[in-house]
Amino acid sequence: LSPARFVKKKFKAGGMVGSTFTLITAILGSGTVTLPYIAAKNGIIMAVLLILFGALISYFSGMLLVRCAEKVGSDKYEDFAAFVYGRKMVIFTGICNVSTLLGFVTSYIVFMKVLIPHVLGILLGGDDNVPAILGKDNWKGGIFWATIYSFCVLLPLSIPRKINVLRFNSLFGVI
């Protein structure tokens, strides 16, 4: 049994294992990386209180979404808006979703174009050892890394026609 067949067998489209990995990837996002920063800036007691407050709000909003899904009979934000406010709010909800997703993608691109030159500087023993086109002191380095990230990571993720294909990316993200 080849590794590719094993992964396809274990991570079936819409299966429990694939869905679990997708959920874990969503939960263990960049927010986990910021937890030490929160504790360092606010103190341990305030950090614990903020984390608990975030957990309560997440639980509350998740339960609201579940109740809305049960009441409406659908799991799409646009259907929630149509049920409560009518057709015009469906368009507004779609615009809000798209703008939010564009904001996330933009923030990831900006993060990567700043992070990669910094990591290269550390790995190569200083910013002087990093070629100018790849470095952080030159705006070309940021454009270079933003372009590489956009075309080598984001574009392949946006090509699949079915969302269940992304379960393999979730597996890679968890590993």
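Tabulated results
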quantity: 3J(HN,Hα) from dihedral phi, segment 142-154, Karplus parametrisation 6.51/-1.76/1.60, rounded to Hz, x for glycine, proline; calculated: x, 5, 4, 6, 5, 5, 4, 5, 5, 8, 9, 10, 6
quantity: Under 5 Å, built H, 5+ apart or other chain: amide partners of VAL130; calculated: none
quantity: Counted charge near VAL72, where neighbours are those whose Cβ lies closer than 13 Å (Asp, Glu -1; Lys, Arg +1); calculated: -1
quantity: 3J(HN,Hα) from dihedral phi, segment 91-96, Karplus parametrisation 6.51/-1.76/1.60, rounded to Hz, x for glycine, proline; calculated: 5, 4, 5, x, 5, 4
quantity: Integer Hz, Karplus 6.51/-1.76/1.60 couplings in order for segment 120-132, x for Gly and Pro; calculated: 4, x, 5, 5, 8, x, x, 5, 5, 8, 8, x, 4
quantity: For a label point 7 Å along the Cα-to-beta-carbon line of SER74, residues of segment 88-123 with backbone N under 15 Å; calculated: 88-95, 97
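Readers should treat all values here as calculations from the given coordinates under stated rules, not as data from a laboratory. These numbers come from a predicted model, not from an experiment. No Cβ is skipped: glycine too gets one built from the backbone with ideal geometry, and neighbour counts run over all protein chains shown.
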